[in-house]
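First up is the structure itself, then whatever we jot down about it.
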Amino acid sequence: MKNINLGLIGLGTVGTGVIKIFNKNKPLIESKTGAVLTIKKIADLDITTPRGVDIDPAKLTTKPEEIISDPDIEIVISLIGGIHPEQEFILKALENKKHVVTANKALLAKNGKEIFDTAYKNGVSICFEASVGGGIPIIRSLGEGLAANRIKSIFGILNGTANFILTRMQNEKKSFKACLNQARELGYAEADPTLDIEGIDTAHKLSILSSMAFGQPIPLDKIYCEGISQINSFDIEYADEFGYCIKLLAIAKDFEKGIEARVHPTMLPKDYLLSSVDGVFNAIYINGDSVGPTMYYGQGAGQMPTASAVWSDIMEIVNKNSNLRNSNIYFEKNPKNIQDIKDLLTKYYLRFTTLDQPGVLSKISGILGNFKISIASVMQKERSAGNKVPIVMLTHEAYEADMQKALTEINKLDIIKDKTILIRVER
């Protein structure tokens, strides 16, 4: 059996999980790869704090360069997160002809092309199954299982924190703030949850998935991104009455005229498969031109599911099955334009907070009509404090550009007392 040495940079939550799996399943891993694997060296700034796993102290170092420059280490597992210095570590490892496994979605979303090009130039692999969907094998499914398909669309619930909050808001009728605090108490939300609740983490993941699916770079700054912090219990209640639920959705579609890539709260009919994905779970719904619709579901984060994905990449490299697929994912010679959100054609949910007086509805509907936006349903609830009343509408399909112009005019009316809430609807 061939001997293969691994080097691990980053002994945080996921890195510790990688060691746990290796200690527990080493015979299984080696039987499936036909190789003797050794984690030769582990680098971290903190090598004194116990991690609850058995590690030979002689393997620990505070200097990642010892791994990157070691000629006997063939595979580098880089799990420190952030952009710098992980980008420099990964590039140097690739230049030293080492295969690299990473879980860094933000880095790949922002600077992936340089990393993929460097890997390809040096004849090595960069694998990143753990960057999207935790333990869900979505990267490999796109790169292998669906390789003969032209992907038509991707819909994904890709952030467990946001999905947990929206699920609790729906099931327990609690406020956004209360559910966010609950997520923090349970360890699902960071002290600063901005990346999760404002859709940024989801956008990072969509950039990776859509780049693979459509064969061209989908830069992060081309993805429209909107979070869930403006959603309140009224919106959850009204969506339910209309027969919908609200999810933070990553959406990418391939049209003749261009590619649509967006992240925002989305109203989905309750009978959709994605509507039943609750709590911290993730799901990705992919439609291919040959295979049709497929869905992938599982734990989208956490120590062991993510570490499991890291090991799937390591084992693929050892088995020499990757053939640089993940190192050169940009292959279309004539990339399409990425559409601006203003060109989106969809249905909308609108919640206005207005004065409770005659003629309010006609003023709002008149402005919508001026921009060719027709109303499908209207719901008006009882008066709230301060003589305010919520008016909720579902529209027929309209262009985003027209909708934004209409809302700009409506929000100038003296009858409008709070910011109008807009949620896009998928059917």
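The values are calculated or read from the model by the stated rules, or taken from the named source; none is laboratory data. Keep in mind that what you see is a predicted model, and the values were worked out from it rather than measured. FYI the Cβ positions are ideal-geometry reconstructions off the backbone, even for glycines, and counts take in every protein chain you see. With ligands, DNA and RNA removed, areas are computed over all heavy atoms of the protein, side chains included. Shrake-Rupley method; radii C 1.70, N 1.55, O 1.52, S 1.80 Å.
So which residues in segment 201-232 are of a type in the set (Ser, Thr, Tyr) and open to solvent by less than 50 Å² (accessible area, probe 1.4 Å)? Give the derivation first.
Applying the first criterion (of a type in the set (Ser, Thr, Tyr)) to segment 201-232 yields 202, 207, 210-211, 224, 229.
Result: 202, 207, 210, 211, 229.
Please give the number of the condition residue 262 fails out of (1) assigned to a loop (DSSP other than H, G, I, E, B); (2) touching a residue at least 40 places away in the same chain (Cβ under 8 Å).
All conditions pass for residue 262, except number (1).
Kindly indicate whether residue 123 is open to solvent by 10 Å² or more (accessible area, probe 1.4 Å) and either part of a strand (DSSP E or B) or touching a strand residue (DSSP E or B) at 6+ places or on another chain (Cβ under 6 Å) (or both). Don't jump to the end; show me each part of the working.
On the way: open to solvent by 10 Å² or more (accessible area, probe 1.4 Å): yes; either part of a strand (DSSP E or B) or touching a strand residue (DSSP E or B) at 6+ places or on another chain (Cβ under 6 Å) (or both): no.
When the stated conditions are applied, residue 123 does not pass them.
Filter segment 188-200 down to residues that are open to solvent by 20 Å² or more (accessible area, probe 1.4 Å) and touching a His at 6+ places or on another chain (Cβ under 9 Å), then give me how many there are.
The qualifying residues number 1.
Just to check your reading of the model, which residue among 75, 42 is farther than 22 Å from residue 320 by Cβ and not aromatic (Phe, Trp, Tyr)? Don't jump to the end; show me each part of the working.
On the way: 75 fails: farther than 22 Å from residue 320 by Cβ.
After applying the criteria, what remains is 42.
Just to be sure I understand the filter: pairs with C-beta atoms under 7 Å, separated by 6 or more residues or on different chains, first member in segment 356-368 and at positive phi, second member open to solvent by less than 50 Å² (accessible area, probe 1.4 Å). Which pairs pass?
none
Table: residues versus (1) more than 25 Å from residue 201 (Cα to Cα); (2) modelled with pLDDT under 95.
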| position | (1), (2) |
| --- | --- |
| 285 | no, no |
| 323 | yes, yes |
| 339 | no, no |
| 346 | no, no |
| 369 | yes, no |
| 374 | yes, no |
| 385 | yes, yes |
| 392 | yes, no |
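So which residues in segment 233-258 are surrounded by fewer than 15 Cβ atoms within 10 Å (Cβ to Cβ) and aromatic (Phe, Trp, Tyr)?
If the condition is that a residue be surrounded by fewer than 15 Cβ atoms within 10 Å (Cβ to Cβ) and aromatic (Phe, Trp, Tyr), then 255 is the only one that fits.
Name the one entry in 32, 105 that is under 25 Å from residue 188 (Cα atoms), touching a residue at least 60 places away in the same chain (Cβ under 8 Å), of a type in the set (Lys, Arg) and open to solvent by 30 Å² or more (accessible area, probe 1.4 Å). Before the answer, list the steps.
Values: 32 fails: under 25 Å from residue 188 (Cα atoms).
After applying the criteria, what remains is 105.
Condition first: within 17 Å of residue 232 (Cβ to Cβ), surrounded by fewer than 17 Cβ atoms within 10 Å (Cβ to Cβ) and of a type outside the set (A, V, I, L, M, F, W, C). Now tell me which residues in segment 384-419 satisfy that.
Within segment 384-419, 384, 386, 388, 417, 418, 419 meet the criteria.
Taking the options 15, 112, 7, name whichever one is assigned to a helix (DSSP H, G or I), surrounded by 22 or more Cβ atoms within 10 Å (Cβ to Cβ) and modelled with pLDDT of 95 or more.
Selected residue: 15, the only one of 15, 112, 7 that is assigned to a helix (DSSP H, G or I), surrounded by 22 or more Cβ atoms within 10 Å (Cβ to Cβ) and modelled with pLDDT of 95 or more.
For residue 93, all conditions in the list (1) open to solvent by 10 Å² or more (accessible area, probe 1.4 Å); (2) over 17 Å from the mean Cα position of the chain (by Cα) hold save one; what is the number of the exception?
Among (1) open to solvent by 10 Å² or more (accessible area, probe 1.4 Å); (2) over 17 Å from the mean Cα position of the chain (by Cα), residue 93 violates only (1).
Taking segment 274-308 as the search range and keeping residues that are open to solvent by less than 20 Å² (accessible area, probe 1.4 Å) and either in contact with a Lys or Arg (Cβ under 6 Å, 6 or more places away or on another chain) or free of Cβ contacts under 8 Å to residues at least 40 places away in the same chain (or both), which one is nearest to residue 167 (Cα to Cα)?
275
Mind checking which helices (runs of 4 or more DSSP H) fall wholly inside segment 159-221 and carry at least 2 residues that are in contact (Cβ under 8 Å) with a residue 40 or more places away in the chain and either of a type in the set (Ser, Thr, Tyr) or touching a Phe, Trp or Tyr at 6+ places or on another chain (Cβ under 9 Å) (or both)?
Working: elements: 160-172, 176-185, 194-197, 200-214.
Here the list reads 160-172, 200-214.
Taking segment 42-59 on its own, how many of its residues are outside any loop (DSSP other than H, G, I, E, B) and open to solvent by less than 40 Å² (accessible area, probe 1.4 Å)? Steps first, answer last, please.
We begin by selecting, within segment 42-59, every residue outside any loop (DSSP other than H, G, I, E, B); these are 42-43, 57-59.
Add one more test, that the residue is open to solvent by less than 40 Å² (accessible area, probe 1.4 Å), and what stays is 42-43.
Counting residues in segment 42-59 that are outside any loop (DSSP other than H, G, I, E, B) and open to solvent by less than 40 Å² (accessible area, probe 1.4 Å) gives 2.
For segment 141-169, name all the residues that are out of contact with any strand residue (DSSP E or B) (no Cβ under 6 Å at 6 or more places or on another chain) and open to solvent by 50 Å² or more (accessible area, probe 1.4 Å).
Within segment 141-169, 144, 145, 147, 148, 150, 168 meet the criteria.
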